[in-house]
Amino acid sequence: MRAALFLPLAFLLAACGAAPRVEFADASITLPDDPGDLPEGPGRDSVIENCTACHSPSTMLQQPKISREKWEATVKKMVTLYKAPVDEKAVPQIVDYLLAAQAGEGDVSRETPR
Amino acid sequence: MSDGKFTRRALVAGAGTAALAVPAAGKLAGGMIDLGLPGGPSLRPTTPDFPGKRDMIVQRIRPPLLETPMDAFREGVITPNDRHFVRWNWSMPTEVRAGQHRVAVGGAVRKPVSLTLEEIAAAGEHVSIVAVNQCAGNGRGLSEPRVTGTQWGNGAMSCAKWTGVRLGDVLAKAGLADSAKRVRFAGLDVPLTDGAPQFIKSIPLDVALREDVLVAWAMNDEALPILHGFPLRIVVPGWFSTYWVKMLATIEVLTGEDESHYVAETYRWPTAPVKPGDKDFPTVPIEAMPPRSFITSHADGDTVARGRPLTLEGFAFGGDVGLAKVELVGAGEGGGWTAACQLGPDEHGPYAFRRWSVTLPHVTGDLAEIGSRATNTKGLSQPDALVWNPSGYARNVIERITLRAQ
């Protein structure tokens, strides 16, 4: 979807040669939809429910291979720092899923294969 | 669901929680690129589907993280707006009404004011400056050992001409109190959850009052695109872009240190070298950029003609001061051999990209692990080895390629 709508701003030179006047127009854009693709696997629904409200799945999928402890710490950081509403009971599933996703090809391309 | 709450804006924007998450949606157009990240995952989509953009590398759709492909740096020194990298920490507004936008200037000031865009534009002389805008985490994905965070290749940097008024002139509209120590900025982008830290950043007063620190509304003579912070963004030439707050809405003068998350707890790096696993070391905010340089005429693994002269080209920047020199260096600690490069014209001042080239008279064999090394006018050179740090900030190790002679 290419829905760019930039209303260009005009730089009008004031007749008297004083500081140029700047005109500001409203601006709006439409961002591409996020397909939110995540590889199939146990725990996928938990990841979608708990981990994709604030950012696309590529945030998780692009990470280098990290340990279970590091994934657990990352989930904890989401909860304590960013106040992510994460279901505590789902955390083991989420971590299992992310570890399994990394064991595969872990291709971030899943957001946009064509 | 635990007790985290999404704010109204998040719900209105449809970014919401479980029930609202991840609408089924179409795929982006475009291809794939391999960023060469050690150990992977290294493939990323490229797409022209973001508004106002040509092909960009997609690190993340939401909030947008778009990396500039290195081929955009092959010619010239100004990165066109449609190739300029994009970085948002939290979800960004997609609509801004110019007439309703205000910039509140408050805190340690004589008289708090709320300024319209016209009042900002009339606050002082209009100034243009060409400066490199570079993410503190540029090249993080190339760190070895790898570290978590956005896995950028080297394209989270761009160079543009910025136009606006001096921040000092805007501050003068409110008048600084004697107790003023730092100046903090906030934009229209806010967290999706109650209690999460807003992306606000501050700089010391002496930096804020520099002649070249701007409140900018134009980028390469066009209105700032929304993706780059329409209607106004802070420009701090020579400093990493984390301080270049976008969609500027609040300027707050502080009387002491800034205890907020994005200054006190992150965007910091160790004061002395650390190893993976080290804990509890002192850190300082990541501020001024060190020098960097890149070869753009050839890629790793390219073949070159044996027995012939070879011209290599690229670009460099000095960081927070201008460039003194760029050299081509051979393999190994200290380089083994060096060849002085010819610097292109200093068209745009100390904070801009500058091109370089060098001709080797006679290629006798493979050129293994060659790289370019920039030195700035403070005498700071790019290091042979990565200065590893746990957040992958401020990469400026010599980037190396191998060319095969045939």
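Quick notes on this one:
- Filter result for the condition that a residue is open to solvent by less than 10 Å² (accessible area, probe 1.4 Å), in contact with a Lys or Arg (Cβ under 8 Å, 6 or more places away or on another chain) and either without any contact (Cβ under 8 Å) to a residue 24 or more places away in the chain or more than 14 Å from chain A (Cβ to nearest Cβ) (or both), over B:213, B:235, B:183: B:213
- Going through (1) open to solvent by 40 Å² or more (accessible area, probe 1.4 Å); (2) over 18 Å from the mean Cα position of the chain (by Cα); (3) within 12 Å of another protein chain (Cβ to nearest Cβ) one by one, residue B:82 falls short only on (2).
- Once the stretch B:129-151 is narrowed to residues that are within 11 Å of chain A (Cβ to nearest Cβ) and either of a type in the set (Val, Ile, Thr) or closer than 24 Å to residue B:346 by Cα (or both), the residue that is most open to solvent (accessible area, probe 1.4 Å) is B:148.
- Positions within the stretch A:20-48 being within 13 Å of the chain's Cα centre (by Cα) and acidic (Asp, Glu), in sequence order: A:33, A:34, A:37
- A count restricted to the stretch B:147-200 and to residues that are assigned to a loop (DSSP other than H, G, I, E, B) and over 30 Å from residue B:57 (Cα atoms) stands at 8.
- Take the conditions (1) part of a strand (DSSP E or B); (2) open to solvent by 30 Å² or more (accessible area, probe 1.4 Å); (3) within 24 Å of residue B:72 (Cβ to Cβ); residue B:284 misses just one of them, which is (3).
The values are calculated or read from the model by the stated rules, or taken from the named source; none is laboratory data. Nothing here was measured: the structure is a model prediction, and the numbers come from that model. Every residue, glycine as well, gets a Cβ built from its backbone with ideal geometry; the counts of neighbours run over all protein chains shown. These accessible areas exclude ligands, DNA and RNA; they are computed on the full protein's heavy atoms, side chains included. Shrake-Rupley method; radii C 1.70, N 1.55, O 1.52, S 1.80 Å.
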